[in-house]
Amino acid sequence: MSSPIVAPTAAALALAARHLRAGELVAFPTETVYGLGADAGNPEAVHRIFTAKGRPSDHPLIVHLGDMAQVKRWAREFPEGARRLADAFWPGPLTLILPRAAQVGDAVTGGQDSVGLRMPAHPVAQQLLAAFAALGGSGIAAPSANRFGHVSPTTAQHVRDDLPDTVAMILDGGSCAVGIESTIVAFTSREPVLLRPGGIGIDALTSVLGRAPNAPGADSPRASGTLDSHYAPHAPALLIDPADLLQEVARRTASGERVAVLARNIARPSAFAGAWITSPPDAPRYAHDLYANLRGLDAPGVTTILIEAVPDNPDWLAVRDRLTRATH
Ligand code: TXA
Ligand code: MG
């Protein structure tokens with residue numbers, strides 16, 4: 001079965017919802033990255049996600065919800081701080097880790113006592129969730145729709161490149177507006193913990209919570225997006241200080257390497273014949289383009305991807321996090 005890319009017409013969305021209810025996988029756009037969806041209430045369907053991605057089956061998945069009323073089907077508590085974040089940022093690029101409800105199975109939570117919930121803002125994701133709910137479904141479990149450890153997909157074609165034949169349908173919603181994954185905040189201990197920086201910045205979280213979330217500690221829930229090596233292209237990638245970039249390119253090229261470059265402020269030298277992408281200089285647009293740029297530079301024969309380091313300030317936290325993992 002090849003994974004067809006389909007325009008999100010009403011008929012296609014209804015068919016996608018039927019596929020999900022039948023236990024099939026459907027890839028769909030969200031405002032962050034594309035998700036590989038399965039009926040979160042169907043353990044066999046959830047199991048297919050792990051097989052398709054090549055992902056260890058003890059990694060918990062995010063359950064995507066269409067409305068606030070569904071939270072109680074999945075979480076046994078909705079702490080005050082989590083509720084405030086949901087009111088402020090849902091639908092949007094925020095995932096809340098909450099104590100799981102009794103009826104929630106181990107398949108979707110990786111056996112943890114918590115569940116990840118997110119209400120996505122992309123209209124196609126919302127329409128799919130509504131069509132799914134109309135057939136009696138509740139949440140759609142969806143990790144990013146890439147092979148395990150690889151760069152997340154931000155277009156329908158990226159999904160097909162990674163998962164050519166395991167998805168019943170790939171709904172095409174264009175390129176994802178945010179471009180990197182959701183911010184994850186855990187409410188499983190007394191204080192909120194930031195498990196993954198993402199589409200919602202720390203300042204925004206802090207202003208709603210009235211305090212900054214804690215950094216993860218040894219007892220925080222694990223998250224696969226927090227493995228050291230993740231979001232990685234196939235060719236090894238290196239972060240290079242802007243002041244050293246041109247010298248590094250020249251040195252490696254002279255020694256016969258075929259380098260590809262993701263620059264930001266440094267201009268391409270006229271003598272350089274390889275692939276060179278100049279990213280937008282601001283963090284939101286840099287993030288929007290990041291995964292497509294990494295995929296674009298990750299061509300056969302490329303020996304190293306050199307990435308110009310980005311600023312060390314809070315605006316760039318989520319981008320720096322992804323670049324650090326991509327270059328591990
Ligand atoms: O933006 C996003 O979050 C995208 C879109 C599709 O929604 N999804 C995504 O899923 O990035 P995934 O599986 O690639 O990353 C989700 C992260 C993983 O690191 C997972 O371990 C963590 O969320 N997670 C999910 N449930 C969890 C739980 N109960 N406890 C701790 N971490 C959890
Ligand atoms: Mg992922």
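All of the numbers you see were taken from the coordinates with simple rules; none came from a lab. Not measured: the values here are computed from a predicted model. Glycine also receives a Cβ, built like all others from the backbone with ideal geometry; neighbour counts cover every protein chain displayed.
Once backbone amide H atoms are built at 1.01 Å from N, GLU31 has ALA121, HIS122 as its partners under 5 Å, excluding neighbours fewer than 5 places away on the same chain. With a/c under 1.5 counting as rounded, go ahead and sort the stretch 259-328 into rounded, prolate or oblate using the C-alpha gyration tensor (a ≥ b ≥ c being the square roots of the eigenvalues; past the cut-off, prolate if a/b is larger than b/c, else oblate). Here the stretch 259-328 falls in the prolate category.
Ranking HIS328, PRO79, ILE49 by how far each Cα lies toward the positive end of the dipole of the chain (charges on Cβ) leaves ILE49 at the top.
Applying the Karplus relation 6.51 cos²θ - 1.76 cosθ + 1.60 with θ = phi - 60° to the stretch 28-43 yields 3J(HN,Hα) values of 9, x, 10, 6, 8, 9, 6, x, 9, x, 9, 4, 5, x, 10, x Hz, where x marks Gly and Pro. Which value in deg cm²/dmol, rounded to the nearest 500, describes the helix-derived mean residue ellipticity at 222 nm for the chain, given -39,500 (n - 2.57) per DSSP H run of n ≥ 4 and division by the residue count? Value at 222 nm, helices only: -9000 deg cm²/dmol.
Here is the tail figure for the stretch 163-215: Cα pairs spaced more than 16 Å apart come to 55 percent of all pairs. Just checking the listed ones, SER57, SER182, SER144: in the Gaussian network model of the chain with Cα springs under 10 Å, the one fluctuating most is SER57.
Roughly what % antiparallel, to the nearest 5, for the DSSP beta bridges in the stretch 5-209?
Details: 16 of 27 bridges.
Once the DSSP bridges in the stretch 5-209 are tallied, antiparallel ones form about 60 percent.
Calculate how large, on average over all directions, the projected area of the Cα convex hull of the stretch 5-209 is; give the answer in nm² to one decimal. One quarter of the hull surface, i.e. the mean projection, equals 9.8 nm². Rounded to whole numbers, the Karplus 3J(HN,Hα) couplings from phi for the stretch 100-106 are 7, 6, 4, 7, 7, x, 6 Hz, using 6.51 cos²θ - 1.76 cosθ + 1.60 with θ = phi - 60°, and x at Gly and Pro.
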